[in-house]
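I have placed the structure first, in the form of structure tokens, so that the comments after it can refer back to it.
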Amino acid sequence: MNTLPRRILIGLLFALGVARAVAYFAYAAHALPLPIEAFHLEAKMVLLAERVVLGETLYPAWREYPHVADFFGPIYFGSVGLIGRAAGADIPALFLIGRAVTVATGLIASAVVAVAAGRRYGRAAGLLAGIATIGSAPMAGYSVMVRPDVAAEMFGVAGFFLSRRRSAPGLVAAGVLLACAVLTKQTTAVFLLAAGLGLAAEGDWRRALALLGGTAALLAAVVGVVTASVEPRFASCLMGESRTPWEASSLASTLSQVWMHAPDLLVFGVAGLVAWASGATGRREPALAVLAAVLLASSVGLSAKRGAALNYYLSLRILEGLAAAALWQSARVAGTRLRAAGLAAALLLASCSMVPGLLFMVLQADHAVATWEFLGAPPGMQMLGTYRALFRMASAPGARLLTDSGLIDLYHRDRAVFGDPWLLHMLAETGQLDLTVLRERADSGYYDLVVTTSPIEEPFYADYDFGLPMPVVERLRARYARVGVRDTLFFYRRRPSG
């Protein structure tokens with residue numbers, strides 16, 4: 001491929017990648033210190049870390065009251081909670097600690113990709129790879145909130161590349177990292193699968209079986225020991241996500257979001273798969289082709305779960321970085337005019353596919369700035385005052401407060417009723433919870449105050465995915481009346497007797 005067109009197209013990739021990364025860092029800088037949730041359901045994640053701070057079980061009996069469910073692995077929440085305990089952190093500080101851990105692990109994953117690509121294709125290509133991993137649409141929210149996805153991804157990508165080393169210690173270390181990935185978030189087992197299949201695709205069946213078998217044995221041993229000695233519900237809770245229904249509508253909705261805001265994830269993923277499988281980089285790279293195929297297939301497949309969102313496509317940013325470097329290398333070694341023309345078209349398409357994500361991240365940065373401006377203005381200060389008053393009320397030992405707000409419920413600490421309103425609603429809707437205690441308390445008027453984020457007396461509350469279970473709501477409607485609305489919160493107290 002001629003030098004000038006190649007430089008122009010690669011320069012375009014660099015420019016778009018840098019612009020998107022700058023927008024992301026502007027967004028992250030404003031999102032990290034937010035005094036409210038940085039993204040949906042963050043409070044539930046802080047609640048799980050808070051349980052570690054308090055020395056409570058991380059896997060309580062969720063079917064019975066108070067219905068706090070943890071279906072994640074323990075490493076992320078254990079790490080955040082132990083740091084918080086050592087620092088004497090309160091809940092606001094725990095938000096900051098968890099967010100910092102998420103951002104740090106995300107940047108480490110980007111650095112791993114940059115180093116791996118640099119060793120294959122050169123330092124400049126490695127730099128492009130690292131930049132291209134930063135700022136894709138799924139990073140809005142999920143990469144700056146208290147949540148284990150990014151940390152699990154870090155373990156997974158590091159374990160994958162470490163498995164490429166031709167040494168027994170390297171393979172053992174890879175297995176440990178891949179096991180840590182699974183024990184952080186179970187869906188990152190796809191990195192273990194990709195690493196094993198990648199070795200097999202290169203003809204190294206012995207190492208592939210050793211990695212898959214050894215890591216599986218390590219996971220089984222850890223789960224067995226922890227379940228038998230510390231957390232009796234550990235094994236069953238790790239399988240908890242299997243209780244979530246699968247829906248074609250969720251798949252269609254999530255794919256639509258990806259195509260609208262992050263087509264680059266699919267375009268780069270497919271481009272990388274073709275380049276590595278065909279040898280366009282100068283040699284066939286079956287392990288990377290397998291990684292691309294596994295991550296693409298798993299991202300699309302897992303997004304069919306009810307409630308799925310862009311976080312299921314988060315790991316495709318790893319592919320985007322690697323594929324950007326592969327396109328760089330392919331442009332350098334392209335021979336025939338036809339092949340050069342095809343690569344030019346691929347580079348142009350890849351560049352164009354980054355534009356929606358860049359615009360999306362710019363909007364996220366603008367929104368984060370606007371949020372701070374709102375919080376500093378009288379209406380925002382009033383809203384924060386309302387929430388802080390409710391936080392104090394929930395923190396009181398004798399508080400009789402029921403809410404569908406995960407953020408307010410968080411301040412009940414070890415008395416939290418559920419933590420995750422979406423999960424509570426889904427588990428109740430599918431008949432997996434014993435709601436006897438909540439129903440009886442609603443019937444008897446036990447609660448002094450009920451606070452919701454949507455009006456419970458309206459028919460549409462039944463379709464509100466973040467609401468209280470309807471068997472409880474029906475009883476609340478009979479015993480409680482609305483007494484006020486403030487800052488999108490609805491307040492209810494017991495109806496006068498007689």
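The figures follow:
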item: Those residues of the stretch 1-21 which are among the hydrophobic types (A, V, I, L, M, F, W, C) and in contact (Cβ under 8 Å) with a residue 24 or more places away in the chain, in sequence order; result: Met1, Leu9, Ile10, Leu12, Leu13, Phe14, Leu16, Val18, Ala19, Ala21
item: Residue that is at pLDDT 95 or above and either in contact with a Phe, Trp or Tyr (Cβ under 7 Å, 6 or more places away or on another chain) or farther than 22 Å from Ala109 by Cβ (or both), where the choices are Ala248, Ala297, Ala323, Ala287; result: Ala323
item: Residues being more than 22 Å from Tyr65 (Cβ to Cβ), basic (Lys, Arg) and without any contact (Cβ under 8 Å) to a residue 24 or more places away in the chain - total across the stretch 465-494; result: 0
item: Enumerated helices (runs of 4 or more DSSP H) restricted to the stretch 143-243, each holding at least 3 residues that are touching a residue at least 24 places away in the same chain (Cβ under 8 Å) and closer than 27 Å to Gly55 by Cα; result: 149-162, 168-182, 205-229, 234-238
item: Of the criteria (1) farther than 30 Å from Ala325 by Cα; (2) in contact (Cβ under 8 Å) with a residue 60 or more places away in the chain; (3) in a helix (DSSP H, G or I); (4) out of contact with any strand residue (DSSP E or B) (no Cβ under 6 Å at 6 or more places or on another chain), which one Met354 fails; result: (1)
item: Flag for Ser353 being of a type in the set (Ser, Thr, Tyr), surrounded by 24 or more Cβ atoms within 10 Å (Cβ to Cβ) and more than 17 Å from the chain's Cα centre (by Cα); result: no
item: Candidate set from the stretch 288-304 (those that are under 14 Å from the mean Cα position of the chain (by Cα) and either over 25 Å from Trp422 (Cβ atoms) or in contact (Cβ under 8 Å) with a residue 40 or more places away in the chain (or both)); member that is surrounded by the fewest Cβ atoms within 10 Å (Cβ to Cβ); result: Leu302
item: Matching helices (runs of 4 or more DSSP H) fully within the stretch 370-432 where at least 2 residues are among the hydroxyl-bearing types (Ser, Thr, Tyr) and under 14 Å from Thr453 (Cα atoms); result: 378-395
item: Criterion violated by Tyr446 - all others in (1) in a loop (DSSP other than H, G, I, E, B); (2) within 24 Å of Asp70 (Cα to Cα) satisfied; result: (2)
item: Residue satisfying condition, being in the same structural domain as Ile10 (by TED's automatic domain parsing) and under 30 Å from Ala344 (Cβ atoms), within set Leu212, Leu266, Leu199, Leu251; result: Leu266
item: From Val485, Val417, Val437, residue being touching a Phe, Trp or Tyr at 6+ places or on another chain (Cβ under 8 Å), under 21 Å from Pro60 (Cα atoms) and surrounded by fewer than 16 Cβ atoms within 10 Å (Cβ to Cβ); result: Val437
item: Checking Ala462 against (1) touching a helix residue (DSSP H, G or I) at 6+ places or on another chain (Cβ under 8 Å); (2) in contact (Cβ under 8 Å) with a residue 24 or more places away in the chain, the condition it does not meet; result: (2)
item: Residue within the stretch 293-304 that is touching a strand residue (DSSP E or B) at 6+ places or on another chain (Cβ under 6 Å), outside any helix (DSSP H, G or I) and either of a type outside the set (Phe, Trp, Tyr) or in the same structural domain as Phe191 (by TED's automatic domain parsing) (or both) present; result: yes
item: Test: residue in the stretch 256-277 that is more than 22 Å from Thr187 (Cα to Cα), more than 25 Å from the chain's Cα centre (by Cα) and surrounded by 19 or more Cβ atoms within 10 Å (Cβ to Cβ); result: yes
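The values are calculated or read from the model by the stated rules, or taken from the named source; none is laboratory data. All figures in this text were calculated on a predicted structure; none of them were measured in a lab. Backbone-built Cβ (ideal geometry, glycine too); neighbour counts: all protein chains shown.
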